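The values are calculated or read from the model by the stated rules, or taken from the named source; none is laboratory data. Keep in mind that this is a model prediction, so the values were computed, not measured. Cβ sites come from the backbone with ideal geometry, for glycine too, and all protein chains shown count toward neighbours. What goes into the accessible areas is simple: the full protein's heavy atoms, side chains included, and nothing from ligands, DNA or RNA. Shrake-Rupley method; radii C 1.70, N 1.55, O 1.52, S 1.80 Å.
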Amino acid sequence: MAKIKLPDGSTIELDNGSTARQLAEKIGPNLAKQAIAAQINGKFADLSTPLNDGADVKIITTKDPQALDIMRHSCAHVMAEAICDIWPDTKLVYGPTVKDGFYYDIDLDESIHPDDFERIENKMREIIQQDRPFRRNEMTRRQALEKLAGDKYKTDNIKHADSPVISFYSQGGGFEDLCRGPHVPTTGKIGPFKIMSVAGAYWHGDPTQKMLQRVYGTAWQTQKDLDDYLERLEEAKKRDHRILGKRLDLFSFNQAAPGFAFMHAKGMIIWNAIVDFWRDIHDRYGYQEIKTPIILNEELWHKSGHWDNYKENMYFTDIDGISYAIKPMNCPGGCLVYKTRQHSYRQFPMRVAELGLVHRHEASGVMHGLFRVRQFTQDDAHIFCTPPQIEAEIVSVIELTFEIYRAFGFEDFHIELSTKPEKHIGTDEIWDISTNALSGALDYKKIPFKINEGDGAFYGPKIDFHLEDCLKRSWQLGTIQLDFSMPQRFGLVYTDKDNTEKTPVMIHRAVLGSFERFIGILIEHYAANFPLWLSPQHARVLPISEKTNDYALKVLHMLKDARLRCDADLSDEKVNAKIAKAHAEKIPYMLVVGPKEADAATVNVRTRGLKQNKTVAVDRFIQLAKQKIIDKTIDLDFQP
Ligand SMILES: [Zn+2]
Ligand SMILES: [Zn+2]
């Protein structure tokens, strides 16, 4: 008999050689029906896996988050079979899951086009309807290499696998693929799916290799999940910041400077509103602000280590025969400012912020509107402190970060802590102190976080902030990074209590990351329906006929005197046409005025996105609007 431990701590006895499926059946017929895989001693495995005495086993059902990944990966196998069936010359490379779906890289001389997707999907549907079992076939590494002799891709996959046993999976028919698994028990367990796109991809991302075709697909547990996902994608297309940015005259790109954004007047209003808020909150959190040069000599970048580690992404220039680099990061400049004075522990923690303009070389293929540019402004800061101060400083940065994100209406974050990698500098002691300070600060703030073991930079551990927008897309924005390397490289010191010179701890941190990218995210998150404080324009006065033009101008002056961003539409068009135009420009408040409003010193307010108009005295409207700007209220609605 085999004794199996269940997640609730209880045990179940099974005949020797029983599988995870038999365990699920013994627990209950419902569980057996919903089961798609198992977690055995922490590792995911097929339901057909035999269980050993003493094993810890959890049955994975469609309710578990990992189930989706296993199902999507199984769907990739089915797609591979369908493609091989249609194009027998296909050579399969690899087919992992990605966020929201999966892909398979294939080597096939004939190009696959979107017109072909339906044909592939029909074949896949056939395989799924046949409800064929996934079967695992194990062999030694040598046997597997013999079996796949001549297949350079799969042979390479075996070389990359770390297990001594190599497994193949068949799914009925003659199709078989090298894979470590696990998979759903039968193809019938695969949910609603769709092939999304096909793109070129190099083998291992290496441009010297042959260009492969990467076929993307998505799969979900229910038709509703799939429909919702496709709807989010449609919505994202409508919100594309490149299209809205052009239509609303916020920014542009020009062939004269690929990857370098031109911010227009309206875009700069958004930019400056963010800068004002950023300055105010940093002042409140005890930061000083500095500005360091964009061009610094080559020698400095040797000293900072960027020359050895980052040169490929940097731009260079010559001045008077001496080589200079355009900064990709602000830190070395920050270190030079630090070194202009002597420092004592009494001045610590010292928080120094910089809205630093940095340049990084991006390949032309990866640039994407404001999301990926070659020049951007980083909301950077460096904190110099003693080791015992680290934790309190991290707490303060976390509070600042959350306060900033919430001001923009973001409420869903997740946080990742990356720890000591194999290749690192600094003593184990300082790594322990710092990593504990980071996790201690998160625990203190009761913030759940994910640990990326060994994923920190060689010079220190870090925390990354990921934020979810209204389309459930995740964006990595903020980062807090401890650095044991740069203060040493630059010989930074402070005088400690015992009168000896010591090296300070340096914390790099950014909250928004890149201003350009953040504005791109905001445009898509709000669909360019900006809250009042960020809106390029707050209001437009719309007289219903020429007769009230004078009153419209009077209202306009009152609004301008109150520093509201506004204009008036005195054109000959009908008021409905004026409203439609203001709507298309996404102006928050349309103030319609006619003889009735002129007599009563009021405005009839039509609010963006709302059906009902509200009549309110001009003074009252100004007061309401100003309060919304101060409070950074997202909602535009008001009570007269
Ligand atoms: Zn597989
Ligand atoms: Zn830095």
### Task
Output the residue which, of all residues in region 408-424 that are at pLDDT below 95 and out of contact with any strand residue (DSSP E or B) (no Cβ under 7 Å at 6 or more places or on another chain), is least open to solvent (accessible area, probe 1.4 Å).
Pro421
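Each row is one residue, and each column tells you yes or no for (1) outside any strand (DSSP E or B); (2) open to solvent by 40 Å² or more (accessible area, probe 1.4 Å).
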position: Lys554; (1), (2): yes, yes
position: His557; (1), (2): yes, yes
position: Arg563; (1), (2): yes, yes
position: Ala580; (1), (2): yes, yes
position: Lys596; (1), (2): yes, yes
position: Asn604; (1), (2): no, no
position: Lys611; (1), (2): yes, yes
position: Ile622; (1), (2): yes, no
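Only one of these is surrounded by 18 or more Cβ atoms within 10 Å (Cβ to Cβ) and closer than 19 Å to Arg180 by Cβ: Ile40, Ile59. Name it. Walk me through it before giving the result.
Details: Ile59 fails: closer than 19 Å to Arg180 by Cβ.
None of the other options fit; the residue is Ile40.
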### Query
Does region 282-305 include one or more residues that are under 30 Å from Ala407 (Cα atoms), assigned to a helix (DSSP H, G or I) and of a type in the set (A, V, I, L, M)?
no
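Considering only residues that are touching a Leu at 6+ places or on another chain (Cβ under 8 Å) and within 16 Å of ligand 1 (Cβ to nearest atom), which ones fall in region 141-168? Spell out the reasoning first.
Restricting attention to region 141-168, the residues satisfying the condition of being touching a Leu at 6+ places or on another chain (Cβ under 8 Å) are 144, 148, 153-155, 157-158, 166-168.
Across region 141-168, the qualifying residues are Ala144, Leu148, Tyr153, Lys154, Asn157, Ile158, Ile166, Ser167, Phe168.
Name the single residue that is least open to solvent (accessible area, probe 1.4 Å) among those in region 489-538 being assigned to a strand (DSSP E or B) and of a type in the set (D, E, K, R).
Arg509
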### Query
Are there any pairs, at least 6 apart or on different chains, whose C-beta atoms fall under 6 Å, with the first in region 282-293 and at positive phi and the second open to solvent by less than 70 Å² (accessible area, probe 1.4 Å) and outside any loop (DSSP other than H, G, I, E, B), and if so, which?
Gly286/Arg351
### Task
Determine which single condition Leu178 fails, assuming it passes every other condition in (1) within 16 Å of ligand 1 (Cβ to nearest atom); (2) more than 15 Å from Gly95 (Cα to Cα); (3) open to solvent by less than 60 Å² (accessible area, probe 1.4 Å); (4) among the hydrophobic types (A, V, I, L, M, F, W, C).
(2)
### Task
Would you please name the residue that is surrounded by the most Cβ atoms within 10 Å (Cβ to Cβ), looking only at residues in region 466-483 that are more than 16 Å from ligand 2 (Cβ to nearest atom) and in a strand (DSSP E or B)?
Leu467
### Message
Checking Ile36 against (1) within 16 Å of ligand 1 (Cβ to nearest atom); (2) of a type in the set (A, V, I, L, M, F, W, C); (3) within 30 Å of His204 (Cα to Cα): exactly one of these is not met. Which one?
### Response
(3)
## Note on the structure
Counting only residues in region 348-377 that are within 17 Å of Gln481 (Cα to Cα) and open to solvent by 30 Å² or more (accessible area, probe 1.4 Å), the one nearest to ligand 2 (Cβ to nearest atom) is identified as Arg351
### Message
I want to confirm something. Restricting to region 82-106 and keeping residues that are in a strand (DSSP E or B), out of contact with any Gly (no Cβ under 8 Å at 6 or more places or on another chain) and open to solvent by less than 10 Å² (accessible area, probe 1.4 Å), which single residue is nearest to Arg180 (Cα to Cα)?
### Response
Val93
